[in-house]
Amino acid sequence: DHRYIEYSPGDKIKLKKSAPPPTDPYTQEEINQLLLAAKCTKHFAVWALLAYTGCRAGEALGAEWGHFDLDKRVWHLQQSAVLGRIGPTKSLKTRTVDLSFKLAEILQGVERKEDCPLLFSTANGNPLVLNNLRKRWWRPLLKKAGLRRCRIHDLRHSYCSRLIAANVSPFYVKT
């Protein structure tokens, strides 16, 4: 004879939220070192976009040519790629991201694939997958550059830290 209880005994247990991983952003010197090591690699423009805009990795991987105005040096960031699929950004908002002269020049050098709107894609035109990028390209790049190991997302923190150190308005940094 089985009887069922009306509630789960575990409902009353309060779990501690785990602390976010500590961030140790790269300095400008380390960013320069990273990009120098990446210069002749397949994904140099990906690393440059992440380092010079502070965008999320998925936002970079979901970037489309039609969202950029390289003459005006702006990116109308409106989507993200997660697990190889295009979708909205994390905030569900479109935002305009300023591009430096250097980054605009780097992006102009990216080869456009026929019938593929994505800035960065696989050979068959699909979005790059972050886990593949991390394992196959990011970790070896850090080793090549002689840099301490960090997450790709830490490039976002590095960008914001550099802006704050340069006394850029916190409102600008937030956007």
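The values are calculated or read from the model by the stated rules, or taken from the named source; none is laboratory data. None of these values were measured; they are calculated from a predicted model. Methodologically, a virtual Cβ is constructed for each residue, glycine included, from the backbone with ideal geometry; neighbour enumeration extends over all protein chains shown. For accessibility, only protein heavy atoms count, side chains too; no ligands or nucleic acids. Shrake-Rupley method; radii C 1.70, N 1.55, O 1.52, S 1.80 Å.
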Quick one: which strands (runs of 3 or more DSSP E) lie wholly within the range 7-108 and hold at least 3 residues that are of a type outside the set (Phe, Trp, Tyr) and open to solvent by 30 Å² or more (accessible area, probe 1.4 Å)? 95-98
Is it the case that some residue within the range 128-148 is without any contact (Cβ under 8 Å) to a residue 24 or more places away in the chain, over 17 Å from residue 61 (Cβ atoms) and assigned to a loop (DSSP other than H, G, I, E, B)? no
